[in-house]
1. Measure out, as a whole number of angstrom, how far apart the alpha-carbon centroids of region 242-312 and region 199-218 sit.
2. Which aspartates and glutamates, on any chain, are close to LYS275 with Cα under 15 Å apart, when same-chain ones fewer than 8 places away are left out?
3. Find out how many positive minus negative residues lie around GLU164, taking Lys and Arg as positive, Asp and Glu as negative, among other residues whose Cβ is under 11 Å from that of GLU164.
4. Can you pick out the pairs among LYS149/LYS376; LYS91/LYS134; LYS75/LYS476; LYS134/LYS211 whose Cα atoms lie more than 28 Å from each other?
5. Run the accessible area of region 440-481 with a 1.4 Å probe and give the carbon-and-sulfur part as a rounded percent.
6. Bins of 20 Å, beginning at zero and ending with the bin holding the largest distance: percent of Cα pairs per bin for the chain, please.
7. Just the number please: accessible area per residue for region 128-262, 1.4 Å probe, all protein chains included, in Å².
8. Anything in the chain that counts as a DSSP H helix reaching 27 Å or more along its axis (C-alpha) with Kyte-Doolittle mean of at least -0.5? List them, would you?
Amino acid sequence: MKPIYHDTIVVGGGLAGLRAALELNRRNVKVALISKVYPLRSHSVAAQGGINAALGNHPRGYYDNWEKHAFDTVKGSDYLADQDAVIRMTKEALERVIELEHWGCPFDRNDEGKIAQRPFGGAGFPRTCYSTDKTGHALLHTLYEQIVKFRQIAERKELVLYNEWLVTKMVVEDGKCIGLIGLDIKSGNLSAFKTNAVIFATGGSGRIYGKTTNALINTGMGMAVPYWSGVPLKDMEFIQFHPTTLVGKNILITEGCRGEGGYLLNNKGERFLEKYKDSEKTMEVAPRDIISRNITKEIMEGGGYEDPADPTSRHVLLDLRHLGEDRIMSRLSGIREICMKFAGIDPVYEPIPVQPGQHYTMGGIDCNIESETQIKGLYVAGEAACVSVHGANRLGGNSLLETIVFGTVAGENAANYTQGTTYGSVPSPTGRRPPRCNNKDNILDDALKCENRKIESILNSNGNENPSNIREELNKLMEENVGIFRNAEALKSALNRIKQLQERYTSISLNYKERRTNLSLMWVLELKGSLDVAEAIIAGALAREESRGSQFRTDFTERNDEDFLKHTLAYFSDEGVRLDYKEVTLGRFEPKAREY
Ligand SMILES: Cc1cc2nc3c(=O)[nH]c(=O)nc-3n(C[C@H](O)[C@H](O)[C@H](O)COP(=O)(O)OP(=O)(O)OC[C@H]3O[C@@H](n4cnc5c(N)ncnc54)[C@H](O)[C@@H]3O)c2cc1C
């Protein structure tokens, strides 16, 4: 079958993917955007607290500039972030956020009518721009409106959306990405796509863990697809645990609550963060890794609340009552709604029960400051990528920023690459001249047949393994052995158990064996991605014999710059993960011991 041709393809309809697609289209490059969910359902829509940019708009006259933002980011990263990437992000933040404002993003305003800013962890003063506590919603809709607008100006450009298509494979020839294989979830049919350049913007992998703020779709498969094709995953051991998720459901309770002045309380009603050296000064706005650890310690020392029948219910309280109803209603109305609907609690009158939960994947597909990967024609952006701007610990508000800054960078570079390649000038199928069949088509056709065989074998399997059991065991093992506190013994056992789960995966069978809208089939394909990405997380964590940022090893409690001020690279192989390392780009800011 002839492959479907598009000049460029973006995989992912979240903020990074939409921003990249817009950039390509603005530069007159035709683009197709493939997303396994309708773009507005991407996890970006759930972002609450805000997006960082050193606008310095706060009326009390806090002086801010990109350099301060860069320093806070590098320091927060425990010096593992690449400083050239951080500087680029913090400098370009201003233009990108103002651009969103001009596109109509409904940011909250201060009394002077400027974009309002609130304090988040890291800066300690207001730098985070926000739209109440629904910032992701506001940003995603703003970008999607631009996509709709561009699609209406159709004479010169083309922006095709493939909604509810799952990309299952990347096709590489001679070190170049030449196309993809995608599954149309509704029909169950696979198609080959031929293209000059691909941008992966497939988001995070939070659902590898049981307790997570991430959407169900964040399985990590989007990272696994390039990984299976030979692109390394970088710094995967660094998983961010958000200190405040609603107990039981683990829905995020934004850092904005603490930024607005909320208190964390133990079972004696004390603001217990003052007992710990690393949070005694910054208290509730200390970096997330520190607060998550201190909540866990407080609970372990008996300062938490718990239902004796359910050890997973351990929690502390987040008190917003002193902020008053007006402030809660104007700044944190979404949080109030979540608490009322999912816990039957009104935070105007009662404190919120919270516990730490997985929140963000600092690592991702390895790329450089231009969003380029080791494979020609393959670019990555957003949470799926590791540029790296977050290093060992991400500051709140920097992830939304990363999506729009590096979404733009990826779009720009993919456009330049496409316009310079030989078959970049071939018109798309909707144009006059169809692309000629060539050797690449045969390679893509072979890849398509191979994927079809894989799917047939899953559908026809009579194995005795239920995929849900494997997923549950994966979630449990990551929670228990690869959580906030880690050690060699637990990590070694996790690695063995992952290998057993990978083995059991080969005997999976499905109850529903049709192709049409077979969501079980989709979840099984994704589960393979989750298992392989989990293996990379564990292998990296085991090899990194130090404590840095979000990785706390109880058997190596100190940061060790001499041996580990370096990025971990995990390569996929059928025998298991192969690890390598890469220098961190230092520069302006000398690594210093963490000060509190
Ligand atoms: C609850 C919550 C609140 C947050 N709040 C904040 C905040 O206030 N500030 C902040 O800076 N950060 C926040 N974050 C983090 C931030 O929202 C995310 O890191 C960011 O939005 C990710 O955007 P993205 O475009 O990279 O990916 P996503 O928005 O996750 O989009 C991924 C896209 O990839 C597609 N996809 C994935 N795999 C495939 C595949 N195989 N085939 C086809 N399509 C695929 C999906 O359909 C989706 O469209 C929050 C995160 C969560 C979970």
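1. Taking the Cα centre of each part, region 242-312 and region 199-218 sit 23 Å apart.
2. GLU284, GLU298, GLU301
3. On the way: positive: LYS36, ARG41, LYS186; negative: ASP184.
Net local charge, GLU164 excluded: +2.
4. Over 28 Å apart, Cα to Cα: LYS149/LYS376; LYS75/LYS476.
5. Numbers: 950 of 2230 Å².
In region 440-481, the share of accessible area belonging to carbon and sulfur is 43 percent.
6. All Cα pairs considered, the percentages come to 21, 56, 22, 1.
7. Values: 3450 Å² over 135 residues.
Per-residue accessible area for region 128-262 comes out at 26 Å².
8. Details: long enough: 83-102 (29 Å, -0.37); 398-420 (32 Å, 0.10); 439-460 (32 Å, -0.88); 519-543 (36 Å, 1.34).
Those that pass (Cα extent of 27 Å or more, hydropathy at least -0.5) are 83-102, 398-420, 519-543.
The values are calculated or read from the model by the stated rules, or taken from the named source; none is laboratory data. Note that the structure is a prediction, hence the values are computed from the model and not measured. Every residue, glycine among them, receives a Cβ derived from its backbone with ideal geometry; neighbour counts consider all protein chains shown. The area values use the complete protein model at the heavy-atom level, side chains included, leaving out ligands, DNA and RNA. Shrake-Rupley method; radii C 1.70, N 1.55, O 1.52, S 1.80 Å.
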